[in-house]
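The structure under discussion appears below in the form of structure tokens.
Bear in mind these aren't lab numbers, they're just calculated from the coordinates by the rules spelled out. All of these numbers come straight from a predicted model, not from anything done at the bench. Here the Cβ positions follow ideal geometry from the backbone for every residue, glycine too, while neighbour counts run over all protein chains shown.
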Amino acid sequence: MTEYTWPNGVDDPTSEDIRRAWPATMTALPVGARVTGRVIGRQRFGVFVKIDGAPYALGLAEIGGSPPGTVPPRLGFMISGGVVDHAEHNCQVKLRLDDWGDEREPLPLTIGERLADREALSGFLRRLRQDFEASGDQWENRTLDRFLEALEAWVGDAPGWYANHGQELPAGGDWTFIARALSAARFYE
């Protein structure tokens, strides 16, 4: 999935406009500032946002900071959220959205759910397979090679996921970690 609506016209800022305005953008949109805007770009990893009231600001909300099972919202979707960081190297305002739209898929493993043993993992895998049978056409990673590639990437980035959800990464791994990794691989890139 790669979709963009911007830039598409004469009045849209160029990358040079965005770079020149970067110091003013950081001042106008400090960490913690509330923003609204429209989704102008959609990728597997998140959405690009044209921020209201900041014509030369480009926002990025990464899906890693979204609720589990989230699919990036469609182009044109109006968002609200907060500024969480500034990426100076590419002049992007990092955002955490309040609402990711209505495209959230049900997850077979909730954030607080724990798996204690092999039988629980087996039950989880059954639910994951049933989720694929019921809505696999909505999974981002529908083929085995894409699924495994996403699984590898998610396991590598797992400390960030756990930190974003106020949890500690299990030191030696556990059944829950394995299940969470398999679940995340449906959409993670």
For the range 74-82, in residue order, the Karplus 3J(HN,Hα) values (coefficients 6.51, -1.76, 1.60; θ = phi - 60°; whole Hz; Gly and Pro = x) are 5, 4, x, 5, 7, 10, 9, x, x
Label Gln138 and Ser15 with points 7 Å out from Cα along Cα→Cβ: what is the distance between them in nm? 3.5 nm
Assuming R0 = 45 Å, what is the FRET efficiency of Ala171 and Met26, from their Cβ-Cβ distance, to the nearest 0.05? 0.75
Each label point is 7 Å from the Cα along the Cα-to-Cβ direction; what then is the distance between the points at His86 and Asp145, in nm? 4.2 nm
Pop the C-beta distance of Arg96 and Gln43 into the FRET formula with R0 = 22 Å and round what comes out to the nearest 0.05. 0.85
